[in-house]
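Taking it in order: structure first as structure tokens, then the write-up.
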Amino acid sequence: MKILVIGSGGREHALAWKIKQSPIVREIYCAPGNAGIAALAEIVPISANDIDGILEFAKKKSIDLTVVGPEQPLTDGIVDLFEAHGLKIFGPSKLAAELEGSKVFAKQFMRKHHIPTAEFRSFSAAERFDAERYVNEIPVPIVIKADGLAAGKGVSICDTKEQALEALDQMFAKKIFGDAGTNIVIEEFLAGEEASVFALTDGKEFVVLSSAQDHKRILDGDRGKNTGGMGAYAPAPIVTEEILQKVKRDIIRQTLLGMAKDGRPYKGCLYVGLMITETGPKVIEFNCRFGDPETQVVLPLLDEDLVRIMFEAASGKLSTTKAILKDTSSVCVVIASGGYPGNYETDKQIFGLEAAASEKDVVVFHAGTKYNKDIIVTSGGRVLGVTAIGEQLNLERTIDKAYRAVEKITFDGAYYRSDIGKKGVDRLKQ
Ligand code: AMP
Ligand code: GLY
């Protein structure tokens, strides 16, 4: 088979790495890729958002399966376009991708289909007065979310009413998220610990991959600014077998049934972002794609041919309902450019990549890297995802292994968190 992967981050490197292990794959292409992906796939210089350009390429090369990493091409309708041309593609249609593309849609959908989530109301810019009144009626903290895609920045957690009114002003009047903030959701704050679960689905049946936990804040102890994710580990002990059963039955199954019933059958990877509260798991957000950096820890634990699962899902006939997972843990530590998620410099030469990757059961996934002649340099905020796979279910040892590899890598300004996985270790000790 010929596979085309779309995207250029650590998630896409992990996808290409897993795809490469499939016995049915002959060639892998990646648009636009990065310096790490170039070792596994032929790099295609087409932007992930140029869906017409990607279609033309896929037709020319007779690609057998296209796998979409980021959300933008999905919410733009790449799946509909490919299917209209008779091409196989793994991902949801434009209508189904609205589960991520519109928070108002996702919340109303969850209410309609009794899927556990935070209480909420939605408002348009024309209803600003009502939104302000609502803010004054409900207890703090208050969560305010822009409806549309806002590169992970569209959520404000407000500890005071003043902050909430200010957030409304920024979205409605100052339009800091542009059209994405024309409609908003105001919701109840959920206390608990977060975790992610991915379901690969053909629209009816699904398999779940290992649970995982991301670390969104830039500083140790979950302090500082929000980022795209500074590291992850899997499985997440907070997601017990009992909680996972609830997630499958009350959230994933209900979502797939509801989407089919509403004429938006959901195929592809459904990312369920959860808050594990005292009253059970509740949905914080849906994403219409694999998560980043969770994919870097979840795929190494899958003991099956990912390509077969994705091909069957894309064809609407998944043949399994239970994925075989390795009985071990994995940990990914992200090394970022100094200054990220604010301003940072790029084009810094990266040293130690080979030494780190030569450690047993360590894979260095590239996120923001590129070639400058024949040396690899930084090209983004999140630069690398150093991932260790355990020999057994001993999270502490897997964390140590990941950090031993991280310490072998240097570049000017390199920064990483030193507590990835600690929450999991603490929970296992309870
Ligand atoms: P999102 O951009 O939707 O991933 O949200 C960013 C982060 O905001 C999430 O990862 C949570 O940590 C937090 N968050 C979102 N909604 C809520 C909520 N209702 N209660 C508590 N935290 C939330
Ligand atoms: N890890 C968060 C995301 O992929 O959206």
Separation between Cα centres of the range 31-88 and the range 293-328, rounded to whole Å: 20
Cut-off under 5 Å, modelled amide H: who pairs with GLU193 long-range: ILE276
Full-stretch length increase - ILE375, GLU162 - with 0.36 nm per residue and alpha-carbon distance subtracted: 71.7 nm
Solvent-accessible heavy-atom area per residue, rounded to whole Å², over the range 240-308 at 1.4 Å: 34
Mean Cα-pair separation over length for the range 143-302, i.e. relative contact order, pairs under 8 Å, 6 or more apart, %: 23
Pairs of Cα atoms farther than 29 Å apart, the range 277-430, %: 28
Dipole in debye (nearest 20) - the chain, about Cα centre, beta carbon charges: Lys, Arg +1; Asp, Glu -1: 560
Filter on LYS60/LYS153; LYS175/LYS370; LYS2/LYS317; LYS216/LYS282; LYS248/LYS317 - keep pairs with C-alpha separation over 27 Å: LYS60/LYS153; LYS175/LYS370
Quarter of Cα convex hull surface for the range 16-136, i.e. mean projection, nm²: 11.1
Amide hydrogen neighbours beyond the local backbone of ASP412, cut-off 5 Å, H modeled: GLN349
Förster radius 51 Å - calculated FRET efficiency between ARG128 and LYS360, Cβ distance, rounded to 0.05: 0.30
Helix-only [θ]222 nm of the chain, DSSP H runs n ≥ 4, -39500 (n - 2.57) each, per residue, nearest 500: -7500 deg cm²/dmol
Debye log10 I(q)/I(0) for the range 162-242, one point scatterer per Cα, at q = 0.26 Å⁻¹: -1.15
Accessible surface of the chain, 1.4 Å probe, proportion on carbon and sulfur as whole %: 49
Relative pair counts by distance (%), Cα atoms of the range 310-379, 5 Å bins: 3, 11, 15, 15, 12, 12, 10, 12, 8, 1
The range 1-76: equivalent-ellipsoid semi-axes (sqrt of 5 x gyration tensor eigenvalues, Cα, Å): 17, 14, 11
Sequence-distant lysines (8 or more away, or on other chains) whose Cα lies within less than 19 Å of LYS373: LYS348
Compactness of the chain - radius of gyration and Dmax, Cα, Å: 20.8, 60
Separation in nanometres of the label points that stand 7 Å from Cα toward Cβ, at GLU345 and GLN21: 3.8
Spin-label pair LYS322/LEU219, simplified geometry with 7 Å Cα→Cβ offset, distance in nm: 4.6
Label-zone membership for the range 195-229, site ARG308, 7 angstrom Cα→C-beta point, backbone N under 20 Å: 199-210
Ranked by how many other beta carbons lie within 10 Å on average, peptides 13-23, 117-127 from highest: 13-23, 117-127
Label-point separation in nm, ASN136 to ASN49, each point 7 Å along Cα→Cβ: 3.9
Whole-Hz couplings from phi, Karplus 6.51/-1.76/1.60, listed for the range 59-74; x for Gly and Pro: 5, 4, 8, 6, 5, 7, 8, 10, 10, 9, x, x, 7, 4, x, 5
By average C-beta atoms within 10 angstrom, highest first, the peptides 387-393, 211-217: 211-217, 387-393
Per residue Cα convex hull volume in Å³ - calculated over the range 362-430: 91
Ranked packing of 189-200, 75-86, most packed first, by mean Cβ within 10 Å: 189-200, 75-86
Rounded FRET efficiency, nearest 0.05, which uses the C-beta distance separating THR182 from LYS112 and R0 of 22 Å: 0.50
With eigenvalues of the C-alpha gyration tensor scaled by 5 and rooted, the range 253-333, Å: 22, 20, 12
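The values are calculated or read from the model by the stated rules, or taken from the named source; none is laboratory data. Note that the structure is a prediction, hence the values are computed from the model and not measured. Backbone-built Cβ (ideal geometry, glycine too); neighbour counts: all protein chains shown. SASA here: full protein model, heavy atoms, side chains in, ligands and nucleic acids out. Shrake-Rupley method; radii C 1.70, N 1.55, O 1.52, S 1.80 Å.
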